[in-house]
Amino acid sequence: MSGVFDRRPGVAASGDEAVAAGRDIGTAVTAPGAIGKQHIEHLTLLAAAPPAPVPRADLVDAPPGLTNLPERPRLFVGRRRELDVLRAGTATGTAPLVHVVHGLGGVGKTTLAAHWAADHAAYSPVWWIAGDDRAAVDAGLGALATALLLRTGAASLQEPQLRDWALQWLAAHDDWLIVIDNVSEPADVKHLLAAVRGGRFLITSRRSTGWHGIAETMALDALTSEEAVELFARIAPDAGDAVADVCSELGHLPLAIEQAAAYCLESGTAAERYLALLADYPADMYTATFAGRNEQRTVARVWRVTLDRLADVPLAVTILLTVAWYAPDDIPRSFLDGLGSPPAVDRAIGRLAAHSMVTLRGTSALSLHRLVQAVSRTADPEDPHRDAGAISAAREIAAECLVEAVPEDSADPGQWRTWRRLLPHVEALAGHTDPAEDSVDLARVFSRVGQFAGHQMTGSRAKRLLRRGEAGVVRHLGPDHLLSLVARNRRMGFQPLPLRQALDHVARCERVLGSRHPETITARYELTASYLEAADLDRALLNVREAVALRSRVLGPEHPETLEARWGELRVMAIQDDGEAAVDLVEQLLTDCTRVLGDKHPLTLTVRGSQTQVMSSVGRSITAMMFRATREIAAQGEKALAEVRTAADDLREAHSREAVEAWVQEALPEAVGRLADCEAALGREHADTIAARLNLAHMHLGTGDFDAALGLARQAAQEADRYVGADSFLSAMARACIMNTAIATRDVATGTETLDWFRRFLRANVSGGSEAQERAQAQIDAMENAWALALAEPPAEE
């Protein structure tokens, strides 16, 4: 071969990504705009024509109905207020309309967003973007750009170019809706929100903070009780009668309700049994899933994601696990002062609030969802934040915080606000913990807070704490220790012991402490109530007078405890209807209390309130009647109303209607003044204030001012239910006044409603077996008959 024949063909290429080959090639793929040619002998080959150039974003219109929404939620209930807020939103014309729906994981943010977006097909596109992080947001924008460019035949772009093109398109158009779901950090979407001037964004996030200046925020709370029951019933319509109880236990949280209902449906479990399983196997139930459901979408696992994000602030997790042992609302931040430096505690609470795990209540308190608390109290070996050691340590911290928070003096009205805020959290800790694990310090807290609750006339709430406190102190220190004797004295003050036990306690105090020790004298004073319970009024009077004499000698005649004992003597005398002596005693006691304690002291107000009862025979009869009813409701709730009715009959036999009305007219101004003083000095929530309001209602009932009587009685009932307890004597007496007003006015609606309340009250407070239940039913029947007779009688003539 000649040299000319053997020479290789010339090769040339042009363009950024052109292809050049020194020999024959099959296929050459070049970048847009690149031209490659290969000279083979005398032949030139050109590449295929390039794809269409990428069009300008402002020249591309979205096809109608373009969307990538997930399936429309079939299980959607309630949320009318939130939907109305979203519908009412209007753009400013200078910035996009941005709504951020924030809330606890599992509260239904994604479901709300999907439901609302599905109703807005007029937008185009309606586009769903995952907001887990910045990369997910950019990927979602890239998918939007790809969908918009699909019809144009434009060449494909790399992801950064797709993101930028999507931002340009959004900036050039207005009629679109972008949903960004589950945004972890506001910074991940700020670049997107800043790049456009129109359109609409709906963002869901657990983050409640960081949105100021860029979005309108809307907090999403749990469902109402009715909505929660509806959601449960849609999934498991045959779960039985305890569905409402399950929903309440789960705090009406949508994810938890769906999880529970699906469990009941799939396993054929009744709601009542589900409640029992939840109590006995909480760790299993909080992570239980069902066929077809993402295992990560259970309440325990959803919240673990949040705890993972808080792991860089360990104190935040510690605080969450600690406050889980308290009541869910109005947790004083001061409880947590000892857990770290003020900036560290503030930062930890702020992080919890930012992730919707707690809700700030002003600057001094926080609250959290009851199910978050329940999960946070439950050990889970698969969750490093909630292993058994962490749960146990948090329980001990919660107890120590309460020990530090208890004020010095429960009798000081200036500290009552602190005591009242403390009470529900002490009760919650007692309800969530095993008495066998109480330290002696915590047992003393239960005893002291129980004493305060007793002074507030909270009935059964006080007794539970007093019993728990005494048992714990005795277990640690023995029955003869001073603190054990003090704890029993406190309990006797609000729950009289059987007479034999009370006498034994006094004897123990005398043996251990001596007869003149203040706690021994207190034991003797509290013995009076046991004599009264045994209906031995003579011994009761002798005993209380001995206590007065001892306190006067040991503590002094003007010591507050001596004045208290004199008030106890007055009560026994009023019960005995010892008229003349009681009149002299109440006048002198009121003078001494006013001089020593002040006219706004609780004891002074109490003595003042008794003055009108003691100063006349009618008043003393009413006092005796109230004592009989109080004694019966303390001993056996279902007999109390019968005692009230019997005592009222006795009152009518002993005194004419005219005498009662005259007494009421004379006492009315004092009752009005005392209520005002109680509100000012004690607060509306104090039992004495509620009793003063109820007393005024009875006064108006006696004068025939039924409207005033009904209004006051209803207010007293509401406040008694809220502050003292719906099972309390005050609540029952307030309803009795309401019932009397309904009878007097033939108010069918009020009478029927009140009868229903009494049915629930009597059945809930019945004690004993079938015989006691029969007595309770007899009381209900008697009340219904009395109501029917009242309606059948013609109204009294004016």
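Every number in this text was worked out from the coordinates using simple rules, so none of it is lab data. All of these numbers come straight from a predicted model, not from anything done at the bench. Cβ: placed from backbone, ideal geometry, glycine included. Neighbour counts: every protein chain shown.
Taking R0 as 25 Å, what FRET efficiency do you get between ALA436 and LEU339 from their Cβ-Cβ distance, rounded to the nearest 0.05? Calculated transfer efficiency: 0.45. Assuming charge only on the beta carbon of Lys and Arg (+1) and of Asp and Glu (-1), the dipole of the range 57-219 about its Cα centre is about 500 debye to the nearest 20. Placing pseudo-labels 7 Å out from each Cα toward the beta carbon at ARG746 and GLN715 gives an inter-label distance of 2.9 nm.
Between the alpha-carbon centres of the range 409-471 and the range 345-372 there is a gap of 25 Å.
Contour minus end-to-end for GLU408 and ALA549, with contour as 0.36 nm per residue of separation and end-to-end as the Cα-Cα distance?
48.0 nm
When only Cα pairs below 8 angstrom with a gap of at least 6 residues are kept, the range 453-525 shows a relative contact order of 25 percent.
Across the range 729-746, coupling constants 3J(HN,Hα) worked out from phi with the 6.51/-1.76/1.60 Karplus curve, θ = phi - 60°, read 4, 4, 4, 5, 5, 5, 5, 4, 5, 4, 5, 4, 5, 4, 5, 5, 9, 6 Hz, and Gly and Pro carry x.
Could you tell me the calculated FRET efficiency between ALA130 and LEU791, based on Cβ-Cβ distance and R0 = 45 angstrom, to the nearest 0.05? Provide the component values of the computation, followed by the final result.
Values: r = 65 Å, r/R0 = 1.44.
Efficiency computed from Cβ-Cβ geometry: 0.10.
Extending 7 Å from the Cα toward the beta-carbon at both GLU558 and GLN161 defines two label points whose distance is 9.6 nm. Three semi-axes describe the equivalent ellipsoid of the range 406-495; taken as square roots of 5 times the Cα gyration tensor eigenvalues and ordered largest first, they are 19, 14, 12 Å. Give me the Debye-computed log₁₀ of I(q)/I(0) at q = 0.26, 0.31 Å⁻¹ for the range 170-222, equal point scatterers on Cα only, no solvent, two decimals. Values, matching the q order: -1.16, -1.45.
Each of ALA662 and ALA194 was given a label point 7 Å from its Cα along the Cα-to-Cβ line. The distance between the two points is 8.6 nm. Neighbours of VAL406 by Cβ distance under 10 Å: Lys/Arg scored +1, Asp/Glu scored -1, total -1. Highest-first packing order for the peptide set 230-239, 304-313, 70-79, 448-457 is 448-457, 230-239, 304-313, 70-79, based on the mean count of other beta carbon atoms within 10 Å.
Per-peptide packing, taken as the mean over residues of other Cβ atoms within 10 Å, places 354-360, 166-172 in the sequence 354-360, 166-172 from highest down.
Using only alpha carbons, the range 57-219 has a radius of gyration to Kirkwood radius ratio (Rg to Rh) of 0.95.
Taking R0 as 56 Å, what's the FRET efficiency between GLU753 and THR152 from their Cβ-Cβ distance, rounded to 0.05?
Numbers: r = 69 Å, r/R0 = 1.24.
Here the calculated transfer efficiency is 0.20.
Working from the Cα coordinates of the range 299-401, the gyration tensor eigenvalues give, after taking √(5λ), semi-axes of 19, 14, 13 Å in decreasing order. Convex hull volume per residue, computed on the Cα atoms of the range 498-615, equals 91 Å³. Residue ranges 174-184, 127-137 sort as 174-184, 127-137 when ordered by packing (mean number of other C-beta atoms within 10 Å per residue, highest first).
Around ASP380, under 12 Å between beta carbons, what's the net of Lys plus Arg minus Asp minus Glu among the other residues?
Working: positive: ARG301, ARG304, ARG377, ARG386; negative: ASP284, GLU382, ASP383, ASP387.
Net charge in that neighbourhood comes out at 0.
Per-residue Karplus couplings for the range 600-608, computed as 6.51 cos²θ - 1.76 cosθ + 1.60 with θ equal to phi - 60°, are listed in order as 10, 5, x, 5, 4, 5, 5, 5, 4 Hz, Gly and Pro entered as x. The stretch between HIS517 and LEU265 holds 84.2 nm of extra length on full extension. This uses 0.36 nm per residue minus the Cα-Cα distance.
Rg/Rh for the range 203-294: what does it come to with C-alpha atoms and Rh from Kirkwood? List each step's numbers first, then the result.
On the way: Rg = 15.5 Å, Rh = 14.3 Å.
In the range 203-294, Rg relative to Rh is 1.08.
Computed from phi, the 3J(HN,Hα) profile of the range 185-198 under the Karplus parametrisation 6.51, -1.76, 1.60 (θ = phi - 60°) reads 10, x, 4, 5, 10, 4, 4, 6, 5, 6, 8, 10, 10, x Hz, with x in place of Gly and Pro.
How much net charge surrounds PRO518 when only other residues with a Cβ under 15 Å from its Cβ are counted (Lys, Arg +1; Asp, Glu -1)?
On the way: positive: ARG488, ARG490, ARG516, ARG524, ARG551, ARG553; negative: GLU510, GLU519, GLU526, GLU546, GLU561, GLU564.
The answer is 0.
Put in order of Cβ neighbour count within 10 Å, fewest first, the listed residues ARG370, ARG760 become ARG760, ARG370. Between the range 164-188 and the range 78-148, the C-alpha centres lie 9 angstrom from each other.
Would you mind ranking HIS99, HIS191, HIS505, HIS369 by Cβ crowding within 10 Å, fewest neighbours first? Intermediate values should be presented prior to the final figure.
On the way: HIS99 20, HIS191 13, HIS505 23, HIS369 26.
In increasing order of surrounding Cβ atoms, one gets HIS191, HIS99, HIS505, HIS369.
Full extension of the chain segment joining GLU272 with VAL583 gains 106.2 nm, where the gain is 0.36 nm per residue of separation less the Cα-Cα distance.
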